[in-house]
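Heads up: the structure comes next, in structure tokens.
The values are calculated or read from the model by the stated rules, or taken from the named source; none is laboratory data. What you see is a predicted model; the values in this text were computed from it and never measured. Here the Cβ positions follow ideal geometry from the backbone for every residue, glycine too, while neighbour counts run over all protein chains shown. These accessible areas exclude ligands, DNA and RNA; they are computed on the full protein's heavy atoms, side chains included. Shrake-Rupley method; radii C 1.70, N 1.55, O 1.52, S 1.80 Å.
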Protein chains: 8
Amino acid sequence: MVPHELDEVDRGILHMLQEDARNNVASTIAEEVGVSPNTVRNRMERLEKAGIINGYHPQIDYERAGYQLHVVFVCTVPVSDRKRLADESLGIEGVIKVCEVLSGHRNLTIEAVGSDSDDLTAIAERLEALGIEIHDERFLKNVRTQPFNHFGADVIEDG
Amino acid sequence: MVPHELDEVDRGILHMLQEDARNNVASTIAEEVGVSPNTVRNRMERLEKAGIINGYHPQIDYERAGYQLHVVFVCTVPVSDRKRLADESLGIEGVIKVCEVLSGHRNLTIEAVGSDSDDLTAIAERLEALGIEIHDERFLKNVRTQPFNHFGADVIEDG
Amino acid sequence: MVPHELDEVDRGILHMLQEDARNNVASTIAEEVGVSPNTVRNRMERLEKAGIINGYHPQIDYERAGYQLHVVFVCTVPVSDRKRLADESLGIEGVIKVCEVLSGHRNLTIEAVGSDSDDLTAIAERLEALGIEIHDERFLKNVRTQPFNHFGADVIEDG
Amino acid sequence: MVPHELDEVDRGILHMLQEDARNNVASTIAEEVGVSPNTVRNRMERLEKAGIINGYHPQIDYERAGYQLHVVFVCTVPVSDRKRLADESLGIEGVIKVCEVLSGHRNLTIEAVGSDSDDLTAIAERLEALGIEIHDERFLKNVRTQPFNHFGADVIEDG
Amino acid sequence: MVPHELDEVDRGILHMLQEDARNNVASTIAEEVGVSPNTVRNRMERLEKAGIINGYHPQIDYERAGYQLHVVFVCTVPVSDRKRLADESLGIEGVIKVCEVLSGHRNLTIEAVGSDSDDLTAIAERLEALGIEIHDERFLKNVRTQPFNHFGADVIEDG
Amino acid sequence: MVPHELDEVDRGILHMLQEDARNNVASTIAEEVGVSPNTVRNRMERLEKAGIINGYHPQIDYERAGYQLHVVFVCTVPVSDRKRLADESLGIEGVIKVCEVLSGHRNLTIEAVGSDSDDLTAIAERLEALGIEIHDERFLKNVRTQPFNHFGADVIEDG
Amino acid sequence: MVPHELDEVDRGILHMLQEDARNNVASTIAEEVGVSPNTVRNRMERLEKAGIINGYHPQIDYERAGYQLHVVFVCTVPVSDRKRLADESLGIEGVIKVCEVLSGHRNLTIEAVGSDSDDLTAIAERLEALGIEIHDERFLKNVRTQPFNHFGADVIEDG
Amino acid sequence: MVPHELDEVDRGILHMLQEDARNNVASTIAEEVGVSPNTVRNRMERLEKAGIINGYHPQIDYERAGYQLHVVFVCTVPVSDRKRLADESLGIEGVIKVCEVLSGHRNLTIEAVGSDSDDLTAIAERLEALGIEIHDERFLKNVRTQPFNHFGADVIEDG
């Protein structure tokens, strides 16, 4: 996999999207980065096609939304099945995120949300049925994100 | 913390946003959920104020973007400092996400991105300087997300 | 599972029972909570039927009673068998308590009492024969309990 | 500590109490064990004074009662402070049970109940403030108990 | 297993043997304990028959004797096979001591001596061939022993 | 430390002592090894002076002797204090054996015997007071030993 | 740190050196790679200056050379001191290799060789005196190496 | 395996090779050690035949060479297959070093180099396909080596 070469425009766009992927519309981004809105739209399309941008998501506080149990299942799978099992576990009701980890043991983490312990048990049973070995269930409390600051904050500030 | 009571409209909106927080504009959501675009905008404002929605983010594949090292630092901090240290660690260059974990040891996970091992060492040194004890550095490969399926998929499908 | 909605009377009753489930008879509880003894009896029946109260037990110091070895076996079982194996392990001579734990590994803890190491070995062998994997045997020394103080201590104090 | 010598009457009484510490009143026990109710009362008083019986408690399903989070904190304290810290941690709101464990690390387990993650964080902070090091927070789902079957089941069956 | 009741004479004898099991001959012990040499011999025979004394061994410093590698293999076996596998592993060349441990994992420790890493590998292979799972190999440096001081030191001092 | 060079006579003697350090008196050993009893006595004196033989001990089954709790404390000490702390911990009542382990963590194991949990707690407190960190308390059940079979079994068999 | 761009000649040279860094002299390498010996010498100088080649070492089997104990100390140091402590630990007699590991705990591994356990203890004491926390001492048996096969094997084969 | 007896000349040669296995040619070593170049060559041949010297290698900084990911896979294999699997894993593209470790679990470490996470995943899959269980993937940053200083530094200094 050869990494895609990003220029300053790409980086400025990524930065603006990380700050607010919904309300920073093409024209706002264009103005900050100093290119036309059409360029923004073309570049975003290119970034999406290159697999650099894989969607746009709201950051949700599940506990406030009435789903008290927000957990990460720390799991082990055979390396040769990791990709397939990552895909399949996304299909389980309540699962919201899956990460492959470069490790032997504990090489797959699966984030899920439930409203009570029965929900979590149902998810765990389905993971097991896929042949996934669960080591830990870790309970999350608050999740904070922010833009990756190697992307073009400087571009914007100079824009 | 009393959880916010979500109705079907809220859930339908959350579902549509999880599917695509950028391109599912108010009118698209309105049509699917069966309410007016204004109702969508009012509800979204309410969900944001209630702290249920905390921003909108692109899902980025850092490795493809030329940042090869995408890691999670698994850390321990005193419980009474966890909230403050979570906030402060967000200020470190390269850190993109922080989760509080309900545990004694390993109660804070910090996600970061770098282009080489010097970047990661710089981040680790700054975490240490904050008084954060790092246990592990876990290297991520692929990250997949999907809508939380207890939210209003049914609403949409019936809409 | 929708949690049962407890009112102040229920909570006052639960508090009094936690303080002394034997000597706090219905009339004593009634007087403290400020209702009739019949109400106490009706409510207790309801709490029992709802599965909120699951029996009344003496707290026993097994070491003083001549059973020196009071242990907790920390075990792993498949999640899908956890409920069944929890039930079956209760049938083993010497086992006094079983807890399901929301985890992958170490998801079942089994408390047992014996007078010598042969007793414990016999219990461990029977657990193994059920297909339960034992990780640790932890030896308990003193056990202390107290009422859960979110239940109606205030009700009683105002009563 | 010389263990108290239990005879068949004591064991029969303990067995009956473990079956139902509330509804098995002295006369019921007396009949089953084959002694007078006064003997039952005298023996129980003796067992309480000897520290063999340390109270009578309802078995409560906290999740059904609306307290979703029933956890065990697995902790380490200096052995010389274990007894004192066990006592002090019982004074924390939400703590319902404390066990000393014969071990170096992980030598104190503290069971607590809360309705959300803020409750658990508050308890963890107070444990830390006492100088208790928390390793794990384990979430319990179901708890089952039963009489210790080395006590006088045979006495009762022959009674 | 009902423990053998030891009186002061037994304990004095055990103490003298622990101090020096070879040079403390019956008459020396007899004089210290205040009984006849014949009593010492009878009691020792009784202690051996009761399985309380299981042999007399020199304490050897293997490293000084030219066997540099003195290790403990920390192993896991099924509880139901522990006794049999403990016996069988004693038959392996180089093994000098085996302890059963009351635990699930790591429930058998096997002490062995070798002159180079090939010796240890050969022992490890034979343990594996018996179905024993080896977790750790721990290398010992110095071993010190002393009499168990609850045995009759007082008897001797008063003798 | 230059290891002592053992010849066939030394090895035959060591073998005979390992089989039975008490009843295999000099004349018995002499006959088996094919030397005079005086040679046996001289060689044994030399082996003792070289620190190869460090005493003669009975193998005691403490559980049968009424001391139910036979434990190994697995401990960590600074390497530079390991030797001194090994010596000092031998002075604690109930401690019967101490091994230095070539490791960083868990580099000292301390074997002790007690009749109840208070005995073990007292020992653990005294270890802590010496500055020894205790990780685990492991409970032993049966201990078996046998002669180290690289020593002169062949010498004896040919004798 | 911008990685040095290697061309086919560099890679061919690296490959030949990995196969035999001593006997593959410049003229041999030159012939295989298809350049002049002077080019080989110039390129090697450049690779050394760029810090890509950091010396040439024999692979030694220490056990065969009479140094029975070849160990890896697995250690933890503060990240901000890791580089300095790695350098300083190289100065300890017996230490032959030090690796920095991208991790929090266990972030420094130190390989050392000794002829007996006193040697290893002396090394461990000096590491501790530097402030290095040792977790494990792992004993190595055989070490095998081979050329990194992404380097110019193809260049050579085509040469 | 009887260790090869090294004399001062051997040790001086080994020391000179460890300092620089490429540029310290036979005549340079001869001069320092105080023997003829022919003796140096003969001795080196003998050391190679005895398996004490197993090749000559450059120390390469893979990260600077554009291979960002330099990892150690910490693995477990059956002891009886360890030697064979160590050999076979050397045949995997990207693997550069394999060490057998005297342990039960984590008894094989495999060092490899890759340019991205796909390379490492491919290596991990091939290790798994050989039946090797991978526990950890540890990422190396800097590697430093130096001559083993028990070899003849003194010989050289006196030379």
Let me check I've understood the local charge: for D:P147, count other residues with C-beta under 10 angstrom from its C-beta, Lys and Arg +1, Asp and Glu -1. What total comes out? -2
What's the center-to-center distance, using Cα atoms, between segment H:106-142 and segment F:65-82 in Å? 37
Taking +1 at the Cβ of each Lys and Arg and -1 at the Cβ of each Asp and Glu, which of G:H70, G:Y56, G:T109 sits farthest along the dipole of segment G:17-159 towards its positive end, judged by Cα position relative to the Cα centre? G:Y56
Work out the mean other chain Cβ neighbour count within 10 Å for the residues of D:20-27 and drop it here as an integer. 4
Would you work out the charge dipole size for segment A:2-116 about its Cα centre, treating the Cβ of every Lys and Arg as +1 and the Cβ of every Asp and Glu as -1, and quote it to the nearest 20 debye? 280
Ignoring ligands, DNA and RNA, what percent of the 1.4 Å accessible area of segment B:1-103 is carbon and sulfur? 45
If you take the beta carbon distance between E:D118 and C:D118 as r and set R0 to 41 Å, what does 1/(1 + (r/R0)^6) give as a FRET efficiency, to the nearest 0.05? 0.55
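Suppose all protein chains stay in the model; what accessible area per residue would a 1.4 Å probe give for the protein assembly as shown, in Å²?
Per residue, the protein assembly as shown has 38 Å² of solvent-accessible surface.
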Once you've got the GNM for chain F with C-alpha springs shorter than 10 Å, pick whichever of F:F139, F:F73, F:F148 has the biggest mean-square fluctuation. F:F148
Partner lysines for G:K97 [C-alpha distance under 22 Å; skip if fewer than 8 residues away on the same chain]: G:K49, G:K83, G:K141, H:K97, H:K141
For peptide C:38-44, how many partner chain Cβ atoms fall within 10 Å of a residue's Cβ, on average? 0
On alpha carbon coordinates alone, what is the Rg over Rh value for segment H:72-139, Rh being the Kirkwood radius? 0.93
In Å, what is the Rg of the alpha-carbon atoms in the protein assembly as shown, and how long is Dmax? 34.9, 111
Starting at 0 and stepping by 5 Å, how many percent of the alpha carbon pairs of segment E:1-89 end up in each bin? 3, 11, 17, 15, 13, 13, 13, 11, 5, 1
Once the whole set of protein chains is in place, how much accessible area is left on B:K83, using a 1.4 Å probe, in Å² to the nearest 10? 120
For a quick check, take a GNM of chain H with Cα springs below 10 Å and name the residue from H:L102, H:L69, H:L17 with the largest mean-square fluctuation. H:L102
What residue among F:A30, F:A86, F:A129 has the largest mean-square fluctuation in a Gaussian network model of chain F, using Cα springs under 10 Å? F:A129
Pop the C-beta distance of D:A50 and C:V25 into the FRET formula with R0 = 30 Å and round what comes out to the nearest 0.05. 0.80
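Quote the total accessible area buried by chains B and A together, excluding ligands, DNA and RNA, probe 1.4 Å, nearest 100 Å².
The contact between A and B buries close to 6500 Å².
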Using modelled amide H (1.01 Å from N, peptide plane; none on Pro or chain starts), what sits under 5 Å from the amide H of H:R138, excluding residues fewer than 5 places away? H:V72, H:F73, H:V74
Could you give the spread of the C-alpha atoms of chain F along their three principal axes, from largest to smallest, in whole angstroms? 52, 38, 22
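So if R0 is 30 Å, what FRET efficiency would C:N38 and D:L90 give, r being the distance between their Cβ atoms, rounded to the nearest 0.05?
Approximately 0.30, to the nearest 0.05.
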